[in-house]
Amino acid sequence: MPGIGPARASALAAAGYRRVVDLLFHLPFRYEDRRAISSIAGVLAGPGTGFVGVVGRLERLSSVFVRRRGLSLVRGVVRDDSGELPVVWFNRPFLPKQIVPDALYLLWGGLQPVRPSKSDGGEAKDAGPALQLLNPSCERAETAIHGARIAPIYPTIAEFSTVVLRRLLDAALDRLDLAAIPEHLPEALRERHGLPPIGAALRFLHRPPDEADLKDLAARRTPAQLRLVYGELLDFQLEIARFRALTNRTVRLHRYRIDEKVRAAARAVLPFRLTGAQKRVLGEIAEDLKGPHPMLRLLQGDVGSGKTIVAALALAIAAENGYQGAFMAPTELLAEQHFASLERLLGKRYRVGLVTASAPDPGARRAALARGEIQIAVGTHALIQEGIRFAHLGLAVVDEQHRFGVAQRRLLQAKGERPDLLVMTATPIPRSLTLALYGDLDLSVLDELPPGRSPIETEVVSAARRRGVYARLGADLAAGARGYVVFPLIEESEEVNAGSVAELGALIRGQFPDVPSAALHGRLPAAEREAILRSFAQGSVRLLVATTVIEVGIDVPEASWMVIESAERFGLAQLHQLRGRVGRGSTPSRCVAIHGRLSEEGRRRLDVFAATADGFGIAEADLAIRGPGELLGTRQSGVPLFRIADLLADEEWLVQARDDARELLERWDDPELAALRTRIEVRVRRRAGALDAG
Ligand code: ADP
Ligand code: MG
């Protein structure tokens, strides 16, 4: 391609652009309206600010004090039939030599006043020109690509500016037969959704015609843009579906009977009526267990939505059918809590055992597990250690899935032969992102809280009102309440330095000398940490001053106060998790977020936090504030990021693409789909590779 020598070629290749077509998929991220060309008289009579385009001859060009402090200046005038306008360029020393006299040039740039305006008392007459054109783009009018059009603005590639890229892409468009760009969307689908072929879409995006709708362009709503959005989302949906087909092709080995006898056994363990959502999810799980493939299901439910009982009933079904179950939690304390509640629920009918590093008599437990005497094993990572064997593991449950990696999930699965898998998480993720992150799992959602919860009252206050907050906390503590004060981990370099956890803790605890309290942070040895949490659960400690170590899973129904210090430093999801530590019993609860100086984003975050009690609402808002990149980036690798599609804004298209993907997969061997098939299968193999590596 003209304009690309060896140096540019290798810079482009290093950035991943090897072929002309790669460059064509480098899309503008916005457009500027440079369609209007004014006469110079019109410009001079206008408001005198803003960007303008003029066409004329360039005259009286001269370089003025070249290279003073590294700055060069070119001055001149542009003239058309109606008048002339001074022009100034910085750092274009070679420009005068390149200009062809008498040729017409198109200049596009910003107007700048050079004299005080009339209203400032300046004398208009004889005062010389009041306006000049500053640093305009300058190109031959008959071949203009930077002006007299809707101009695309590109993200830079390496050191290539938008101006250079515009030139390169213009040359690429001229040289390429756009009809020859492989079209992988079946024509019928394209037509059904009113989308242009890929070649036409790309041409439109790089060279929007003058009559294009700028509002639609800005909103990514032109058919050309939708063509690319839809194409990406369809690829994505096909990839996920094919990936699932690949991983689920295994046939289940564990056959379950779910008859009246099993149902009666399940009813017998129930201490309360299930919520509608719990019944629905349990039904989904039962369908999986009866189905032809091992279950792979993600259960999402806000904090306190009652995931444990759902898992317990599934484990009971497994035990009734003669299979062992495993329940893995991220910390010893959580494992102990779950062990206690599962023992309470299921202990009368089945043998429940605790498997953690510190549980007594590990040898005997291991043997009981290997012989199948322990029917339901509750534990930590200890469950996936090498020495642990099950006699016949049928169902594996992973609680707080986001605390574990895919590798750990797989290790637990490997303890059985194709066991059914249920992973649970309280970190709500919008549906669209769930697809991106956990595409290989089926999704169940508990979207209803059990009855009898008293709502949590949330307040957001500035640090100036801290004293009042602590006074109220003190009064409630004196009356027997239990509560948390949480603050963010503070970097050593910041104003409050290391040791601050203990110091701040002491300071806060000092305000309540009569209340048994403790400080809790990550630097304490695990055993000590868990002892403190245990005391809090039992009530011998009633005030916990803590870092975010308490974020996950702690279930102390008596706790009714949560104070979050420096709330502006927490993300929305984290704030919501912290708030979920209270309101777990019948005592009315309160969460007070105390904040310092707020950025605009911080303010928005706290407003959402105060106004939204539901975790999915929080997650949607979080996604809107931060964008999906950050959310996706913090999780597993191998997640596709899109060039143009936006999981949040394009959810409708995402759903459309999912439905279309299903339809396509029913005729996946159709020769018409050959190109699409190849493209998708490559991506599926890459995804499988990424998972194995991670
Ligand atoms: P999470 O989804 O956060 O893990 P849990 O399973 O710990 O929630 O349940 C939170 C609390 O709600 C527990 O004390 C549990 O016993 C109670 N619970 C769960 N389901 C119901 C229900 N249907 N009716 C009444 N209480 C319930
Ligand atoms: Mg839980």
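The values are calculated or read from the model by the stated rules, or taken from the named source; none is laboratory data. Everything quoted here is computed from the prediction, not taken from an experiment. No Cβ is skipped: glycine too gets one built from the backbone with ideal geometry, and neighbour counts run over all protein chains shown. Protein only, heavy atoms only, side chains kept; ligands, DNA and RNA dropped before computing areas. Shrake-Rupley method; radii C 1.70, N 1.55, O 1.52, S 1.80 Å.
Scan the range 252-268 and give yes if some residue there is farther than 19 Å from residue 374 by Cα, within 15 Å of ligand 1 (Cβ to nearest atom) and either open to solvent by less than 30 Å² (accessible area, probe 1.4 Å) or touching a residue at least 24 places away in the same chain (Cβ under 8 Å) (or both), otherwise no.
So far as the range 252-268 goes, no, none of its residues is farther than 19 Å from residue 374 by Cα, within 15 Å of ligand 1 (Cβ to nearest atom) and either open to solvent by less than 30 Å² (accessible area, probe 1.4 Å) or touching a residue at least 24 places away in the same chain (Cβ under 8 Å) (or both).
State yes or no: is residue 221 over 18 Å from residue 654 (Cβ atoms) and not in a helix (DSSP H, G or I)?
no
Looking only at the range 403-431, which residues are in contact with a Lys or Arg (Cβ under 8 Å, 6 or more places away or on another chain) and either of a type in the set (Gly, Ala, Ser) or open to solvent by 10 Å² or more (accessible area, probe 1.4 Å) (or both)?
415, 418, 426
When both residues are 6+ apart or on different chains and their Cβ atoms are under 7 Å apart, which pairs have a first residue that lies in the range 298-324 and is closer than 17 Å to residue 376 by Cα, and a second that is among the hydroxyl-bearing types (Ser, Thr, Tyr) and within 16 Å of ligand 1 (Cβ to nearest atom)?
308/341
Just to verify a result, which residue in the range 317-332, among those that are surrounded by fewer than 24 Cβ atoms within 10 Å (Cβ to Cβ) and over 23 Å from residue 287 (Cα atoms), is modelled with the highest pLDDT?
My answer is 330.
Return the total of residues in the range 231-266 being in contact with a Leu (Cβ under 6 Å, 6 or more places away or on another chain) and hydroxyl-bearing (Ser, Thr, Tyr).
So the count comes out to 1.
Name the single residue that is least open to solvent (accessible area, probe 1.4 Å) among those in the range 152-170 being assigned to a loop (DSSP other than H, G, I, E, B) and touching a helix residue (DSSP H, G or I) at 6+ places or on another chain (Cβ under 9 Å).
154
Residue 341 passes all but one of (1) open to solvent by 10 Å² or more (accessible area, probe 1.4 Å); (2) away from ligand 2 (no atom under 16 Å from the Cβ); (3) not aliphatic (A, V, I, L, M); which number fails?
(2)
Among the helices (runs of 4 or more DSSP H) confined wholly to the range 584-694, which include 1 or more residues that are exposed (fewer than 13 other Cβ atoms within 10 Å of the Cβ) and at pLDDT 90 or above? Working first, answer last.
Numbers: elements: 600-611, 615-626, 628-633, 651-666, 674-693.
Of the helices (runs of 4 or more DSSP H) lying wholly inside the range 584-694, those with at least 1 residues that are exposed (fewer than 13 other Cβ atoms within 10 Å of the Cβ) and at pLDDT 90 or above span 600-611, 651-666, 674-693.
Considering 434, 356, 427, which residue is touching a Ser or Thr at 6+ places or on another chain (Cβ under 7 Å) and in contact (Cβ under 8 Å) with a residue 24 or more places away in the chain?
Working: 434 fails: touching a Ser or Thr at 6+ places or on another chain (Cβ under 7 Å); 427 fails: touching a Ser or Thr at 6+ places or on another chain (Cβ under 7 Å).
356 is the lone residue from the list that is touching a Ser or Thr at 6+ places or on another chain (Cβ under 7 Å) and in contact (Cβ under 8 Å) with a residue 24 or more places away in the chain.
I'd like the residue in the range 489-526 that is part of a loop (DSSP other than H, G, I, E, B) and touching a strand residue (DSSP E or B) at 6+ places or on another chain (Cβ under 9 Å) and, out of all such residues, is modelled with the lowest pLDDT.
Filtering the range 489-526 for residues that are part of a loop (DSSP other than H, G, I, E, B) and touching a strand residue (DSSP E or B) at 6+ places or on another chain (Cβ under 9 Å), the one modelled with the lowest pLDDT comes out as 521.
Does residue 391 count as touching a Ser or Thr at 6+ places or on another chain (Cβ under 6 Å), more than 25 Å from residue 301 (Cα to Cα) and among the hydrophobic types (A, V, I, L, M, F, W, C)? Even if it seems obvious, please write down each step before you answer.
Numbers: touching a Ser or Thr at 6+ places or on another chain (Cβ under 6 Å): no; more than 25 Å from residue 301 (Cα to Cα): yes; among the hydrophobic types (A, V, I, L, M, F, W, C): yes.
Judged against the criteria, residue 391 is not a match.
For the range 386-407, which positions are farther than 24 Å from residue 309 by Cβ and either modelled with pLDDT under 85 or within 16 Å of ligand 1 (Cβ to nearest atom) (or both)?
Of everything in the range 386-407, those that are farther than 24 Å from residue 309 by Cβ and either modelled with pLDDT under 85 or within 16 Å of ligand 1 (Cβ to nearest atom) (or both) turn out to be 405, 406, 407.
Yes/no matrix, rows are residues, columns are (1) more than 16 Å from ligand 2 (Cβ to nearest atom); (2) in contact with an Asp or Glu (Cβ under 7 Å, 6 or more places away or on another chain); (3) closer than 24 Å to residue 254 by Cβ:
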residue	(1), (2), (3)
286	yes, no, yes
294	yes, yes, yes
302	no, yes, no
313	no, no, yes
318	yes, no, yes
322	yes, no, yes
329	no, yes, yes
352	yes, yes, yes
359	yes, no, no
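I'd like to verify a number: residues in the range 544-575 that are of a type outside the set (A, V, I, L, M), over 21 Å from residue 332 (Cβ atoms), part of a helix (DSSP H, G or I) and touching a residue at least 60 places away in the same chain (Cβ under 8 Å), how many?
Of the residues in that region, 1 qualify.
What are the residues in the range 1-36 that are without any contact (Cβ under 8 Å) to a residue 40 or more places away in the chain and hydrophobic (A, V, I, L, M, F, W, C), if any?
Within the range 1-36, 7, 9, 13, 36 meet the criteria.
So, of the residues in the range 446-459 that are open to solvent by less than 40 Å² (accessible area, probe 1.4 Å) and assigned to a strand (DSSP E or B), which turns out to be nearest to ligand 2 (Cβ to nearest atom)?
The residue in question is 446.
Report yes if some residue within the range 548-565 is touching a His at 6+ places or on another chain (Cβ under 7 Å) and open to solvent by 10 Å² or more (accessible area, probe 1.4 Å); otherwise report no.
There is at least one residue in the range 548-565 that is touching a His at 6+ places or on another chain (Cβ under 7 Å) and open to solvent by 10 Å² or more (accessible area, probe 1.4 Å).
Just give me the residues in the range 651-680 being within 15 Å of residue 193 (Cα to Cα) and among the basic types (Lys, Arg), in sequence order.
Hit for the range 651-680 is 658, nothing else.
Each row is one residue, and each column tells you yes or no for (1) more than 16 Å from ligand 1 (Cβ to nearest atom); (2) under 18 Å from residue 265 (Cα atoms); (3) in contact with a helix residue (DSSP H, G or I) (Cβ under 6 Å, 6 or more places away or on another chain).
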{"residue": "320", "(1), (2), (3)": "yes, yes, yes"}
{"residue": "337", "(1), (2), (3)": "no, no, no"}
{"residue": "345", "(1), (2), (3)": "no, yes, yes"}
{"residue": "355", "(1), (2), (3)": "yes, no, yes"}
{"residue": "359", "(1), (2), (3)": "yes, no, no"}
{"residue": "363", "(1), (2), (3)": "yes, no, no"}
{"residue": "384", "(1), (2), (3)": "yes, no, yes"}
